[in-house]
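Q: Before I ask anything, here is the structure I am working with.
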Amino acid sequence: MEKKDILSVGELARRSGVAISAIHFYESKGLIHSHRNSGNQRRFSRGMLRILAYIKVAQRLGFSLEEIKAAFRDLPQDRSPSPEDWQKMSRDWEQALTDRIDLLLRMKEQLNLCIGCGCLSLYQCPLRNPNDELGKQGSGPHLL
Ligand code: FES
């Protein structure tokens, strides 16, 4: 790797627009990686700029750090991700967003019904118990 492809944490922060503290946090969560130079200083490959950009975009789209980390796990570990690898990840995120939007639209419709009702019943209200969690435990009382 050429010297220009190796960045200090300060250079990475400046070029990515991400605070040094956030870079350290992402590293502690396993989202980005560094290595130590001969002076025991943390160094990052230039590829981490793209990773940080994806993290910031994914966060703005509402993905959790765990979801982002899971998506990165599907990227090749033995080489830099290709444009096709990034496109596949983008398609996966697009599907996840579509699913989330569909769920929110269904909840919005239900909210309109619930505004007129107001019971917020654990047994009857889909907003209160969207997946009928108690129903999965079988019929009959579960809270007595
Ligand atoms: S508030 Fe009554 S069904 Fe949701």
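The values are calculated or read from the model by the stated rules, or taken from the named source; none is laboratory data. Being a predicted model, the structure only gives us computed values, none of them experimental. Here the Cβ positions follow ideal geometry from the backbone for every residue, glycine too, while neighbour counts run over all protein chains shown. Heads up: the accessible areas ignore ligands, DNA and RNA and are worked out on the full protein's heavy atoms, side chains in. Shrake-Rupley method; radii C 1.70, N 1.55, O 1.52, S 1.80 Å.
Q: Being open to solvent by 90 Å² or more (accessible area, probe 1.4 Å) and closer than 30 Å to Pro130 by Cα is true for just one of Arg100, Arg15, Arg60. Which residue is that?
A: Residue meeting the stated conditions: Arg60.
Q: State whether the residues of the range 118-139 include one that is out of contact with any Lys or Arg (no Cβ under 8 Å at 6 or more places or on another chain), at pLDDT 90 or above and acidic (Asp, Glu).
A: no
Q: Here are the criteria: (1) within 16 Å of the ligand (Cβ to nearest atom); (2) touching a residue at least 40 places away in the same chain (Cβ under 8 Å). Tell me which single one Pro130 does not satisfy.
A: Condition not satisfied by Pro130: (2).
Q: From the list Tyr26, Tyr54, which residue is open to solvent by less than 70 Å² (accessible area, probe 1.4 Å), modelled with pLDDT of 95 or more and either on the phi < 0 side of the Ramachandran plot or touching a Leu at 6+ places or on another chain (Cβ under 8 Å) (or both)?
A: Tyr26
Q: For Glu67, which of the numbered conditions (1) surrounded by fewer than 18 Cβ atoms within 10 Å (Cβ to Cβ); (2) part of a loop (DSSP other than H, G, I, E, B) fails to hold?
A: (2)
Q: Search the range 112-121 for residues being open to solvent by less than 80 Å² (accessible area, probe 1.4 Å) and assigned to a helix (DSSP H, G or I), and hand back the single one that is nearest to the ligand (Cβ to nearest atom).
A: That would be Cys114.
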